[in-house]
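What follows is a single structure, written as structure tokens, with notes after it.
Just so it is clear, none of the values below were taken in a lab; they were calculated from the coordinates. Since we're looking at a predicted model, the values are computed, not measured. Ideal geometry is used to build each Cβ from the backbone, glycine not excepted, and the neighbour counts take in all protein chains shown.
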Amino acid sequence: MLIFKIFRADEWAAFQAEGKTAGAPVDLRDGFVHFSTAEQVAETAAKHFAALDDLWLLALEAEALGDKLLWEVSRGGAKFPHLYREMQLSEVLWAKPLPLVDGMHQFPPEVVV
């Protein structure tokens, strides 16, 4: 199952340069890396990244992240994937721009929403 992480362009660039990341500022604050499923990611973008352009959408395979990926109840009572360790660049299957068009983020066709 694919799970998704949204990064601002500077966060993605830093991740690429370092080869690992503990996540965005919200992740550092909360102590884990926040992810969304395909069904959750559009709402995540609208809620936390509204009107922001220059974003990147990263896809990772949930099963490959091991036992530090926990599914925990969050927004609206839904379970969200949370990673309790650093992400490794080698775990990213793909990264694609997440452009803002007419106020809506345009997801790549690989994301089934």
The ³J(HN,Hα) series, computed from each phi in the range 6-11 with the Karplus coefficients 6.51, -1.76 and 1.60 at θ = phi - 60°, rounded to the nearest Hz and given as x for glycine or proline, is 9, 10, 6, 4, 5, 5
What order do you get for 21-32, 95-106 when each peptide is scored by the mean count of other beta carbon atoms within 10 Å, highest first?
-> 21-32, 95-106
How big is the charge dipole of the range 2-103 about its Cα centre, in debye rounded to the nearest 20, if each Lys and Arg gets +1 on its Cβ and each Asp and Glu gets -1 on its Cβ?
-> 160 debye
Per-residue ellipticity at 222 nm for the chain, helices alone: DSSP H runs ≥ 4 residues times -39500 (n - 2.57), over residue total, nearest 500 deg cm²/dmol?
-> -5500 deg cm²/dmol
P(r) of the range 2-103 over all Cα-Cα pairs, binned every 5 Å from zero, in whole percent | 2, 13, 25, 28, 21, 9, 2, 0
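Please give the peptides 9-17, 79-87 ranked by average Cβ packing (other Cβ atoms within 10 Å per residue), highest first, as a rough proxy for protection.
Values: 9-17: 15.0, 79-87: 17.7.
Those peptides, ordered most packed to least, come out 79-87, 9-17.
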In whole Hz, the Karplus estimates of ³J(HN,Hα) for the range 75-88 (6.51, -1.76, 1.60; θ = phi - 60°; x where Gly or Pro) are 3, x, x, 7, 8, 10, x, 10, 9, 9, 6, 5, 7, 9
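Under the 0.36 nm per residue contour assumption, what length would be gained going from the current alpha-carbon distance of Val101 and Glu39 to full extension?
Answer, rounded to one decimal: 20.3 nm.
Over the chain, calculate the relative contact order: mean separation of alpha carbon pairs under 8 Å at least 6 apart, over the residue count, as a percent.
Values: 190 pairs, mean separation 39.6, N = 113.
After rounding, I find 35 percent.
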